[in-house]
Amino acid sequence: MSLRGTYAWALKVANDYKFNGTIDERDGKLHIKGTVDTQDQANKIWDAIKTIPTWSQDIVADVQATGKVEAMATYTVKAGDTLSSIAKERLGSATAYPKIFEANRDQLTDPNKIQPGQVLKIPAA
């Protein structure tokens with residue numbers, strides 16, 4: 001299997017974060033060089049790379065954050081709210097609730113456990 005195949009998940013994560021750069025397989029290594037908007041995005045790409053135990057022998061990477069900050073709206077949870085209902089109201093689709101969950105991983109461990117009064121970040125639709 002090629003290194004691109006081995007690291008398909010990491011490459012998907014990079015693509016999801018609009019990675020801007022090059023990914024080349026040469027000299028038996030996968031060379032990844034480019035930028036994403038935020039340090040959190042760069043860290044998530046590294047987390048995905050590190051799911052493969054041999055990553056340190058396989059990867060030569062330089063993933064930098066440009067410092068662009070995505071403006072996020074906020075929403076204060078009310079009694080009876082669910083992430084799905086908030087997603088439907090704010091993002092247009094109840095099935096978009098994972099986007100809200102991911103944006104709030106710093107305070108949520110379970111998408112089914114939100115509390116009235118919590119202030120959630122709402123990503124762009």
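The values are calculated or read from the model by the stated rules, or taken from the named source; none is laboratory data. Predicted model only: the values in this text are computed from it and were never measured. All Cβ positions, even for glycine, are placed from backbone atoms using ideal geometry, and neighbour counts span all protein chains on display.
Residues checked against (1) touching a Cys at 6+ places or on another chain (Cβ under 8 Å); (2) at pLDDT below 95; (3) acidic (Asp, Glu):
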{"position": "Thr38", "(1), (2), (3)": "no, yes, no"}
{"position": "Gln57", "(1), (2), (3)": "no, no, no"}
{"position": "Thr66", "(1), (2), (3)": "no, yes, no"}
{"position": "Ile86", "(1), (2), (3)": "no, no, no"}
{"position": "Asp106", "(1), (2), (3)": "no, yes, yes"}
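If the condition is being outside any helix (DSSP H, G or I) and of a type in the set (Gly, Ala, Ser), then the range 38-85 contributes Ala61, Ala65, Gly67, Ala71, Ala73, Ala79, Gly80. Any residue at all in the range 15-29 that is under 29 Å from Ala103 (Cβ atoms), outside any helix (DSSP H, G or I), outside the structural domain of Lys99 (by TED's automatic domain parsing) and among the aromatic types (Phe, Trp, Tyr)? Within the range 15-29 (the criterion being under 29 Å from Ala103 (Cβ atoms), outside any helix (DSSP H, G or I), outside the structural domain of Lys99 (by TED's automatic domain parsing) and among the aromatic types (Phe, Trp, Tyr)), the answer is yes, since at least one residue qualifies. For the range 86-115, a residue qualifies if it is surrounded by 14 or more Cβ atoms within 10 Å (Cβ to Cβ) and in a helix (DSSP H, G or I), and the qualifying residues are Ile86, Ala87, Lys88, Arg90, Leu91, Ala94, Ala96, Tyr97, Lys99, Ile100, Phe101, Ala103. Within the range 1-24, the residues that satisfy the criterion of being of a type in the set (A, V, I, L, M, F, W, C) and either surrounded by 13 or more Cβ atoms within 10 Å (Cβ to Cβ) or within 17 Å of Arg105 (Cα to Cα) (or both) are Leu3, Ala8, Ala10, Leu11, Val13, Ala14, Phe19, Ile23. The lone criterion from (1) outside any loop (DSSP other than H, G, I, E, B); (2) modelled with pLDDT under 90; (3) small (Gly, Ala, Ser) left unmet by Ala124 is number (1). Taking the range 25-47 as the range and being surrounded by 13 or more Cβ atoms within 10 Å (Cβ to Cβ) and closer than 14 Å to Leu3 by Cα as the test, the residues that pass are Glu25, Lys29, Leu30, His31, Ile32.
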